[in-house]
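The structure under discussion appears below in the form of structure tokens.
Only the coordinates and a few stated rules stand behind these numbers; no lab work does. The shown structure was predicted, so the numbers you read here are calculated from the model rather than taken from an experiment. Note that each Cβ is placed from the backbone with ideal geometry, even for glycine, and that neighbours are counted across all protein chains shown.
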Amino acid sequence: MRVELNDVYGSFNRLDNPPLAPDELRGPGGAYLVGYEGDEAVAGGGIRSLDTGVAEIKRMFVRPDARSRGVARALLEALEQTARQLGYERVRLDTGPKQVHGLALYRSAGYVDVPAYNDNPFACFWGEKVLS
């Protein structure tokens with residue numbers, strides 16, 4: 001993920017902005033999912049608590065050789081389902097201006113624009129979805 005973000009944004013070295021502690025991606029309020037094809041990990045993403053009833057999807061990534069086959073959509077749906085199971089009513093996420101495929105995925109999955117809820121200097125889209 002870091003290598004790709006460096007290629008896209010140039011000298012990207014701050015996966016910790018906004019900060020994310022590993023414990024936030026563990027139960028009881030968080031989770032981290034890994035998608036496999038056979039024995040090989042091809043995708044991953046996490047959920048952390050933002051507020052009562054609100055989770056945030058973090059570090060969603062699909063390896064380039066696994067893209068354009070529905071893996072990202074399946075991962076997003078699995079993250080949303082996990083958020084529901086953890087008791088969240090809404091999920092939020094952000095993405096940067098050069099991650100156009102991610103932005104298209106999030107919009108097509110029902111994420112709507114919300115005001116910036118974090119200070120991510122690389123983001124151009126902050127989205128939210130009500131989980132039903």
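Be a star and scan the range 98-132 for residues whose amide nitrogen sits under 19 Å from the point 7 Å along the Cα-to-Cβ vector of residue 67.
98-109, 122-125
May I ask what percent, to the nearest 5, of DSSP beta bridges between residues of the chain are antiparallel?
Just about 90 percent of them are antiparallel.
Compute the whole-percent fraction of alpha carbon pairs in the chain spaced more than 17 Å apart. Intermediate values should be presented prior to the final figure.
Working: 4999 of 8646 pairs.
So the portion of pairs separated by more than 17 Å is 58 percent.
If you put +1 on each Lys and Arg Cβ and -1 on each Asp and Glu Cβ, how big is the dipole of the chain around its Cα centre, in Debye rounded to 20?
So the magnitude is around 180 debye.
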